[in-house]
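Working notes, beginning with the structure itself.
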Amino acid sequence: MRSRKELTEDELRIIKKKISDEEAYEAFFKDCYLRNLRPATIEYYRNEFH
């Protein structure tokens, strides 16, 4: 697959969206669970954030 070298309107909207640190934190850990990371890995990430 060839790279497009430019972003779609949806991708640009995501980048420009402003979110708080708390929202980013929640989104990150939700993604960790969705990717089925090991509980020990998720706990490690939580400890590193603090």
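If you scan segment 29-50, which residues turn out to be of a type outside the set (D, E, K, R), open to solvent by 90 Å² or more (accessible area, probe 1.4 Å) and within 13 Å of the chain's Cα centre (by Cα)? Selection gives Y33, L34.
Among the residues of segment 8-31, not a single one is at pLDDT below 85 and polar (S, T, N, Q). Considering segment 1-19, the residues that are open to solvent by 100 Å² or more (accessible area, probe 1.4 Å) and part of a loop (DSSP other than H, G, I, E, B) include one that is nearest to N47 (Cα to Cα), namely K18. Of the residues E26, E22, the single one that is surrounded by 10 or more Cβ atoms within 10 Å (Cβ to Cβ), without any contact (Cβ under 8 Å) to a residue 24 or more places away in the chain and among the acidic types (D, E) is E26.
Among the residues of segment 20-36, those that are of a type outside the set (F, W, Y) and either touching a helix residue (DSSP H, G or I) at 6+ places or on another chain (Cβ under 8 Å) or part of a helix (DSSP H, G or I) (or both) comprise D21, E22, E23, A24, E26, A27, K30, D31, C32, L34.
The values are calculated or read from the model by the stated rules, or taken from the named source; none is laboratory data. In this text, all values refer to a predicted model and were calculated from it rather than measured experimentally. Here Cβ is always computed from backbone atoms with ideal geometry, including for glycine, and neighbour counts include all displayed protein chains. What goes into the accessible areas is simple: the full protein's heavy atoms, side chains included, and nothing from ligands, DNA or RNA. Shrake-Rupley method; radii C 1.70, N 1.55, O 1.52, S 1.80 Å.
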